[in-house]
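Asker: My structure is below; once you've seen it, I'll send some questions.
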Amino acid sequence: MNPGKILLYGSILLLVACGPTTKITKSWTDPSFTPSAAQSFKKILVMGLLKDESTRRIAEDKMVKAFKNVTAVQSYSYLQPVDTIESVVEDKLKKDGFDGVVIMRLANVDKSVSYVPGTGYGGWYGYRYSSPGYYQEDKTFYVETNIYSLPSNKLLWSGTTESLNPDKLDRVVDDIISALRGQLQKEKLIK
């Protein structure tokens with residue numbers, strides 16, 4: 001194989017490897033959730049039910065920034081540690097003008113092992129470059145995001161994203177938000 005083709009194939013493999021690793025695996029929409037219902041939200045509470053406080057705050061801050069034309073509030077700045085009774089929290093939210101809640105939570109982490117084959121090629125002159133194959137552990141994170149209506153007290157939309165081997169929290173949260181936005185736009189629930 002000539003060096004030009006090797007470079008071309010290597011570039012293609014690199015682009016595929018660097019492609020998005022977060023995608024929507026499933027979503028559900030309540031039939032009453034229409035584009036006009038989605039645009040009617042005025043104030044929403046954003047909750048990141050994640051493993052630790054710093055992760056939660058990063059996720060909630062990023063989700064709040066993603067909302068346009070609606071007031072979004074992080075749960076860490078609104079809810080208090082004593083706010084544990086659902087009905088009391090719901091009444092407090094309604095009294096303070098909230099009409100929606102968005103909850104993001106880590107649903108599952110799957111671990112698997114995959115084999116990465118070695119590489120090698122030979123030139124016309126017999127030179128051979130190779131690297132050995134190896135096994136790697138892959139982690140797939142499943143994050144569920146739900147959109148609730150407080151006035152109707154029901155779940156309007158639910159989606160699950162799958163992220164393979166995320167390396168940085170900031171990037172994976174951005175990827176999840178981007179995938180969710182894309183899915184909601186595809187379903188014509190947001191512009």
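The values are calculated or read from the model by the stated rules, or taken from the named source; none is laboratory data. Everything quoted here is computed from the prediction, not taken from an experiment. We place every Cβ from the backbone using ideal geometry, glycine too, and count neighbours over all the protein chains shown.
Asker: Kindly provide the set of residues from region 165-190 that are within 21 Å of T21 (Cβ to Cβ), among the aliphatic types (A, V, I, L, M) and touching a Phe, Trp or Tyr at 6+ places or on another chain (Cβ under 8 Å), ordered by number.
Answerer: First pass over region 165-190, keeping only residues within 21 Å of T21 (Cβ to Cβ): 165-186.
Adding the requirement that they be among the aliphatic types (A, V, I, L, M) leaves 169, 172-173, 176-177, 179-180, 184.
Once the filter is applied, which keeps residues that are within 21 Å of T21 (Cβ to Cβ), among the aliphatic types (A, V, I, L, M) and touching a Phe, Trp or Tyr at 6+ places or on another chain (Cβ under 8 Å), region 165-190 yields V172, L184.
Asker: Restricting attention to region 66-123, which residues are touching a residue at least 40 places away in the same chain (Cβ under 8 Å), over 25 Å from Q39 (Cα atoms) and aliphatic (A, V, I, L, M)?
Answerer: Across region 66-123, the qualifying residues are L106, A107.
Asker: Just checking, does region 150-158 include any residue being farther than 18 Å from F33 by Cβ and either in contact with a Phe, Trp or Tyr (Cβ under 9 Å, 6 or more places away or on another chain) or part of a strand (DSSP E or B) (or both)?
Answerer: Initial filter on region 150-158 (farther than 18 Å from F33 by Cβ): none.
Taking every residue of region 150-158 in turn, none turns out to be farther than 18 Å from F33 by Cβ and either in contact with a Phe, Trp or Tyr (Cβ under 9 Å, 6 or more places away or on another chain) or part of a strand (DSSP E or B) (or both).
Asker: Suppose we keep only residues that are in a helix (DSSP H, G or I) and either charged (D, E, K, R) or in contact with a Ser or Thr (Cβ under 9 Å, 6 or more places away or on another chain) (or both) within region 67-105. Which one would you say is modelled with the lowest pLDDT? Give the steps one after another, and end with the answer.
Answerer: Start the filter on region 67-105 by keeping residues that are in a helix (DSSP H, G or I), which leaves 75-78, 86-95.
If we keep only those that are either charged (D, E, K, R) or in contact with a Ser or Thr (Cβ under 9 Å, 6 or more places away or on another chain) (or both) as well, we get 86, 90-92, 94-95.
Numbers: E86: 90, E90: 93, D91: 94, K92: 95, K94: 95, K95: 96.
My answer is E86.
Each row is one residue, and each column tells you yes or no for (1) under 22 Å from N153 (Cα atoms); (2) touching a Cys at 6+ places or on another chain (Cβ under 6 Å); (3) part of a strand (DSSP E or B); (4) acidic (D, E).
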{"site": "S27", "(1), (2), (3), (4)": "yes, no, yes, no"}
{"site": "A38", "(1), (2), (3), (4)": "yes, no, no, no"}
{"site": "K51", "(1), (2), (3), (4)": "no, no, no, no"}
{"site": "T55", "(1), (2), (3), (4)": "no, no, no, no"}
{"site": "K65", "(1), (2), (3), (4)": "no, no, no, no"}
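Asker: Could you tell me which of the residues Y135, Y142 is surrounded by fewer than 11 Cβ atoms within 10 Å (Cβ to Cβ), modelled with pLDDT of 90 or more, farther than 30 Å from K94 by Cα and under 36 Å from the mean Cα position of the chain (by Cα)? Spell out the reasoning first.
Answerer: Numbers: Y142 fails: surrounded by fewer than 11 Cβ atoms within 10 Å (Cβ to Cβ).
Answer to the check: Y135.
Asker: Which residue out of S158, S152 is among the polar types (S, T, N, Q) and in contact with a strand residue (DSSP E or B) (Cβ under 6 Å, 6 or more places away or on another chain)? Spell out how you get there, then give the answer.
Answerer: Details: S152 fails: in contact with a strand residue (DSSP E or B) (Cβ under 6 Å, 6 or more places away or on another chain).
Every option except S158 fails the conditions.
Asker: On to the next question. Counting just the residues of region 145-176 that are at pLDDT below 90 and of a type in the set (D, E, K, R), which one comes out nearest to K94 (Cα to Cα)?
Answerer: Looking at residues that are at pLDDT below 90 and of a type in the set (D, E, K, R), I get D170.
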